[in-house]
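Just so you know, all these numbers are worked out from the coordinates, no wet-lab data involved. Please read these numbers as outputs of a predicted model, since none were measured by experiment. Don't worry about glycine lacking a Cβ; one is built from the backbone with ideal geometry, like all the others, and counts go over all protein chains shown.
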Amino acid sequence: MITNDRYIGIASDHAGFELKETLKKELSVMGYQTKDFGTYSSESMDYPDVAHPLAEAVVKGDVAAGIAICGSGNGISMTLNKHQGIRAALCWTKEITSLARQHNNANICSLPARFVSVELAKEIVHTFLSTGFEGGRHLARINKINCQDVAPHN
């Protein structure tokens, strides 16, 4: 469960701008404050420009977790996951979202704006922020994610 802070980072590209604005309101209703990393309009832009600052804020602990949105959710997730310590999960169902938190301790929820409804996106965010990490056998797997922690393969 994301409980160490009530401050959530949020970022989107132009395709996710409207959903981002809606989710900011939903997060406020849920009692969270948001740090908006952009974009600030539906004008075309490049998702890495908002993904990198969001990832850095999560890694530094400036925000407890992040919500990232682009058209497919893939590009922004790929960018976020370049940062050590980030586990961005592409979430398109509540079940996938729950498993991303329980088994992978995801710290950023990536949403595909063109493939989820506003209502489903709200449910996904609720699930992401209310589901805890199970730890146990999953912790050892997570500890192997960073490249320097992985044994060479033959």
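For the reader, a short list of remarks on this structure follows.
- Between the helical axis of 94-104 and the longest alpha-carbon principal axis of the chain there is an angle of about 40 degrees.
- Region 93-119 and region 4-44 have Cα centres lying 15 Å from one another.
- Around PRO53: net Lys/Arg minus Asp/Glu count, Cβ-Cβ under 15 Å: -2
- Non-local lysine pairs in the chain, meaning eight or more places apart or on different chains, with alpha-carbon distances under 22 Å, amount to 17.
- Ranked by how many other beta carbons lie within 10 Å on average, peptides 129-135, 99-105 from highest: 99-105, 129-135
- Hydrodynamic radius of region 106-148 per Kirkwood, over alpha carbon pairs, in Å: 12.5 Å
- Fully extending the segment from HIS52 to PHE115 would add 20.4 nm, taking 0.36 nm per residue of separation and subtracting the current Cα-Cα distance.
- Net length gained if the chain between GLN84 and SER42 were fully extended (0.36 nm per residue, minus Cα distance): 12.2 nm
- In a DSSP loop and with at most 16 other Cβ atoms within 10 Å, the GluC sites (Glu not before Pro) in region 18-62 are GLU43.
- Each residue, GLU134 and THR93, gets one label point 7 Å from its Cα in the Cβ direction; the gap between the two is 1.6 nm.
- Value at 222 nm in deg cm²/dmol, rounded to 500, when DSSP H runs of n ≥ 4 in the chain each add -39,500 (n - 2.57): -12500 deg cm²/dmol
- Taking a ≥ b ≥ c as the square roots of the eigenvalues of the Cα gyration tensor, region 57-143 is classed as oblate, since a/c reaches at least 1.5 and a/b does not exceed b/c.
- Alpha-carbon Debye profile of the chain, log10 I(q)/I(0) at 0.09, 0.11, 0.12, 0.21 Å⁻¹: -0.25, -0.38, -0.45, -1.37
- Annotation: extensible slack from ARG141 through GLU21 equals 39.7 nm (criterion: 0.36 nm per residue apart, minus Cα-Cα distance).
- Packing around the peptides 109-119, 64-74, taken as the average count of other Cβ atoms within 10 Å per residue, puts them in this order, highest first: 64-74, 109-119.
- Residue-count net charge about HIS14 - beta-carbon cut-off 13 Å; Lys, Arg +1, Asp, Glu -1: -4
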